[in-house]
Each structure stands twice: as C-alpha cells, then as structure tokens.
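Engineer: One structure, pasted below without further comment.
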C-alpha cells in the first residue's frame, strides 16, 4: 500500500496508540529551553497528553499527515493562505486534532496569523486540547532536535532501569528467591502491584497493595474463589480509576507457563514500564521452568509412593505414615479418598492433540494442589496422569464433610472462566487406617465412573449414594440389562407417555410399601382410580402385590431402566444429580 493511501485511510473511530513508543508529557516538554516563552492559550487540562514526536504543519489539509501523540507546530502560514477563513479552519481542525489523539498544536502568532479565534479556543478548552503560542523566534529544527534528545534520554533511562531490574531479579533467583520475593522487588522498583498466576488466573505469588484485592473484586477482576479473571485483560489494559490493570504472558519453549498481572492503581503504565515488565516475565519464566523441573521429579516420586500405597505394596503402616510425613502429608487420621477426572470431549467439540490434553491435565492437577494446600498443607494430592487423587481429612460430621468437598470442588471449578475444562469427582467412604486406603481408592474411582454414567459428567458422586447402581454398573453388557427390563416390565418398558405414567404409579406404590391411599394422595388420584390402576398393572406384570420376589425384580428393573435413560433425559444446562457444583477447570 502506498504512503498516500495509508495517510488518506479513514479514521472513523479513535485509533489505538502504538504502545512501543517512548513519550514525554506535554507539560514536561514545555520545560525545554527553546519553549521557555511559550504561552498556553487554551486546553490547559490536556497538558498531560503524551508527546512522541514533533510534526510541522506545512499545508492546510494537514489531517492526512498527522499521527497520534504528535505535537503539531506551525508558523500560521498554511492557515492564513488557505481557501477558508483562518478562524473557520481552526475551529474545524481542533476537534479533528483531538479525535486523532494529537498532543496539541503550537502556533507562531504575529506574522501570518495575529490571533487564534475565540471560538477555536473555547472548543479547545472544552476538549482539553492544548493550544500554544510559540515564541516568534523559535526555530522548529531546534524544537525537533531538543524533543528527540529528550525522548532519547527517556529511552536510555528506561533501558537502564529495565537492565537494573533484570540484574536484580536474576540475583534474587540465584539466591533462591520465590515468586513473592520477585514480585515484591518489581513492585518496589516500578511502584505497581504484581501477581503471578496460572494461565487461567490462579494466584501463585505476588505483591498487592493493601485493599487492592477487594477493589479488584468489586470491579469484577476477581471471582469468588480468588481467581484473577485474566481473560478479561487479554484484549488490552483494563482501566482503573486513575490507573490501569494489564496482563502479560509468561512463555517458555513454546509453552504458555503463566500470566503476569500488573495493577497500577494510581497511574497509566508507560512504555518503559511495560518493557521492564517484559523483562520480569522472562525472569519469572526461568523461575517457573526450574520449579517445574523439580516438581516433575517430586510429583513422580510422590505419585509412585501413593500408587504403591493403593496397591498395598508400600510397606507396613508405620513406615507408610512416617514416609508420608517427609512429603508433608498426614495419613494417620480418618480420611476420604477423592478421585477427580476431566470429562471426555463433547461430541460437538473439535478433537485436540495429546499435548493439549496433557496441558489440560497439568493445569487441572495444579488447581487441585493449590486449592487443597490452601485449606490444609497436609492433604496428599497427586496427579495420576488421567486423574487427580486427594486424601481429605474426615474428622467432621457427614454433612460438614460434604460441605467441605463441595467447597473444594467449587474452588477448583471457579466461575468456569479462563478456558477450564469440565470434570467429575468420586468420593469414597471414610476410612480410618492406611490399610483401608486401597479399598477407598477403588470406591472413589467407581463413584466417579458410575456418577458420570448416571449424570453425564460435571458431577460429584459419593460412593455411599450409589446404592443399587453399584451392582447395575458391574454388568458389562447393556443388552443383557435391557433384556432383563423387557422380561420384567413387558409393555410397561415402552417409551410411550402411557407407559411412563404407569411406571410412575408403580414406583410410588413400591416407595410407599403398597399403601394405596398414600400413593393415591401423592399422585392426586381418587382412591378408586388408584385401585383401578393397580388392577391394570397386575394384569401386565403379574401379582406383584402378593409376590415379594416378583416385586423385588420389578423394583430392580425400574432402577435399571432409570439408569439407562437418566443421561438421555438430562439436558446439558441442568445441574447434575447429587452434584456439588458445575465442576469445571
């Protein structure tokens, strides 16, 4: 595209400023030696506008040649020799200059133009667009030279500060500093707040000003679980009153490791600040890469140990308890085993690579570790490649324990933001010794598997809630189950409204121990209507009211039919049965 085409491109909307340009506030630029006798004619409220260059107005149709953050200067000649009246021309140009984000306009008065029209000055004041009266003897080349010298010094200072910060952070890493210490140093040097999070916004470390966390929650940048909503910052700086918040990626080796969240509550970040933050992201990437390398070895060692415990080959109970304490785990207490697995891809979703699946699993496991450690650092949490297993203390009443599990699942799920994946959870019965952990682990896995079959995923299932479904799930052949249903229920197993209505009546009779009056009341039937229905059901099923074995078979068949149809009946938007929450990570 030709330069003239670029210059003549329509500017219907305010354009985003190129961020990678060093700038000087116009107020500071007026301190240059060549501008000492400059007078502010209008727009004093805009003196903090950024200046990145000086442009000279040589033609009346200058709008095609200006750029954002430029200070436009003129002798007044293009205005005085144009086809329009200078007053009208300036009145039209001022809002256009403001729309194009110019820093201001400086005019030499007294030779080609004696005054600036009052209408233009009034409009400039309204828009806070600076209009300056330049000294008549000002040489524009001196202004341009001194301006770019100032910008060059600003760039040199920024690079020096970034290098100093980089050296300081590198020294901290070599001395074994963690993310909190790194963030505190950056916050001290730049005067901002820093938080390092996972790619979906879970805080790993940082340095926040007092009260800033509550402020971020009030404006929607923190959810109820404390997760930073980094997805709301990916499109650009998020404006705060007097400042801004922004997020920078922390990449390494082609992987997206983390997010660097910077909150500047009192000022808008400049280019040099962002340059320093990019250096910080590099240092954070080095630290996280080192931590991940160590964590991979530690997690494998911990995972192998816990897997041996579940396989009952880790040694005697005293050794297992003592060895677990070297990891910070406490196994000598009542415990429930929790097994959490990512749900399979929905048929409507695009297939993903094995690498993407692994990244999902790593993020999922990291979320569980963080949530569990925040509650109790002695909770054992391990990634088993396709599932995450946690051993939760169960020294609480049953209702309170379920509340705790609900809270943990809800914290991992968050508000479903950040691109997290749906998952299902299985919870075992309470066990009181290490020797019972293998059995509890199997219970948790079965609960998760059967719960997903019943509820279609996104569910939390307790082993104690499975009931008869535990046995039904053991039958591997669905056709065998269907034949059993057909044999026991006959035409009552049909997928018709009439059959479904009669099955409801039959289930209520079984639930009320064949109490005809109670079943009629629950269905809002007359007693005689219920007697008629019982006669009809006996004609279809046999004498189930007097034959206890037949009654048991019918009850089991109804449960099998419900088990098979449950997932089909559920809508994706419904909350799952026995679910603690919509579980996504």
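The values are calculated or read from the model by the stated rules, or taken from the named source; none is laboratory data. Quantities reported herein were computed from a predicted structural model and do not represent experimental measurements. Note that we place each Cβ from the backbone using ideal geometry, even for glycine, and neighbour counts take in every protein chain shown.
Engineer: Based on this model, can you work out whether residue 62 counts as assigned by TED's automatic domain parsing to the domain that holds residue 111 and either in contact with a strand residue (DSSP E or B) (Cβ under 6 Å, 6 or more places away or on another chain) or more than 19 Å from residue 95 (Cβ to Cβ) (or both)?
Structural biologist: Criteria not met by residue 62.
Engineer: Is it the case that segment 123-134 has a residue that's surrounded by fewer than 17 Cβ atoms within 10 Å (Cβ to Cβ) and on the phi > 0 side of the Ramachandran plot?
Structural biologist: Taking every residue of segment 123-134 in turn, at least one turns out to be surrounded by fewer than 17 Cβ atoms within 10 Å (Cβ to Cβ) and on the phi > 0 side of the Ramachandran plot.
Engineer: Right, here's the next one. Identify all residues within segment 173-228 that are in contact (Cβ under 8 Å) with a residue 24 or more places away in the chain and in a strand (DSSP E or B); write none if there are none.
Structural biologist: 193, 194, 195, 196, 197, 203, 204, 205, 206, 207, 228
Engineer: Looking at (1) assigned by TED's automatic domain parsing to the domain that holds residue 62; (2) at pLDDT 90 or above, find the lone condition where residue 81 falls short.
Structural biologist: Going through (1) assigned by TED's automatic domain parsing to the domain that holds residue 62; (2) at pLDDT 90 or above one by one, residue 81 breaks only (2).
Engineer: Restricting to segment 427-469, name every residue that is in a helix (DSSP H, G or I) and at positive phi.
Structural biologist: none
Engineer: I'd like to verify a number: residues in segment 91-119 that are touching a residue at least 60 places away in the same chain (Cβ under 8 Å) and farther than 16 Å from residue 66 by Cβ, how many?
Structural biologist: Summing the residues that are touching a residue at least 60 places away in the same chain (Cβ under 8 Å) and farther than 16 Å from residue 66 by Cβ in segment 91-119 gives 1.
Engineer: Next up: Please specify each residue of segment 303-320 satisfying the condition of being buried (at least 17 other Cβ atoms within 10 Å of the Cβ) and in contact (Cβ under 8 Å) with a residue 24 or more places away in the chain.
Structural biologist: 306, 309, 310, 320
Engineer: Further question on the same structure: The conditions are (1) surrounded by 21 or more Cβ atoms within 10 Å (Cβ to Cβ); (2) under 23 Å from the mean Cα position of the chain (by Cα); (3) touching a residue at least 40 places away in the same chain (Cβ under 8 Å), and residue 381 fails exactly one of them. Which is it?
Structural biologist: For residue 381, the failing item is (3).
Engineer: Quick check on residue 367: is it farther than 16 Å from residue 302 by Cα and in contact with a strand residue (DSSP E or B) (Cβ under 8 Å, 6 or more places away or on another chain)?
Structural biologist: Here the answer is no, as residue 367 does not meet what is asked.
Engineer: Here's another thing I want to ask about it. Being part of a loop (DSSP other than H, G, I, E, B) and either in contact with a helix residue (DSSP H, G or I) (Cβ under 6 Å, 6 or more places away or on another chain) or under 30 Å from residue 234 (Cα atoms) (or both): is that true of residue 369 here?
Structural biologist: Values: part of a loop (DSSP other than H, G, I, E, B): no; either in contact with a helix residue (DSSP H, G or I) (Cβ under 6 Å, 6 or more places away or on another chain) or under 30 Å from residue 234 (Cα atoms) (or both): yes.
Criteria not met by residue 369.
Engineer: On to the next question. Within segment 273-281, is even one residue free of Cβ contacts under 8 Å to residues at least 60 places away in the same chain, assigned by TED's automatic domain parsing to the domain that holds residue 221 and assigned to a loop (DSSP other than H, G, I, E, B)?
Structural biologist: no
Engineer: For segment 201-215, name all the residues that are buried (at least 22 other Cβ atoms within 10 Å of the Cβ) and either under 11 Å from the mean Cα position of the chain (by Cα) or farther than 22 Å from residue 177 by Cβ (or both).
Structural biologist: 201, 202
Engineer: Is there a residue in segment 327-346 that is part of a helix (DSSP H, G or I) and buried (at least 19 other Cβ atoms within 10 Å of the Cβ)?
Structural biologist: So far as segment 327-346 goes, no, none of its residues is part of a helix (DSSP H, G or I) and buried (at least 19 other Cβ atoms within 10 Å of the Cβ).
Engineer: For the structure I just gave you, tell me whether residue 90 is in contact with a strand residue (DSSP E or B) (Cβ under 9 Å, 6 or more places away or on another chain), in the same structural domain as residue 122 (by TED's automatic domain parsing) and modelled with pLDDT under 90.
Structural biologist: Against the criterion (in contact with a strand residue (DSSP E or B) (Cβ under 9 Å, 6 or more places away or on another chain), in the same structural domain as residue 122 (by TED's automatic domain parsing) and modelled with pLDDT under 90), residue 90 qualifies.
Engineer: Give the residue that is nearest to residue 443 (Cα to Cα), with candidates limited to residues of segment 285-316 that are part of a helix (DSSP H, G or I), at pLDDT below 90 and touching a helix residue (DSSP H, G or I) at 6+ places or on another chain (Cβ under 7 Å).
Structural biologist: So the residue we want is 287.
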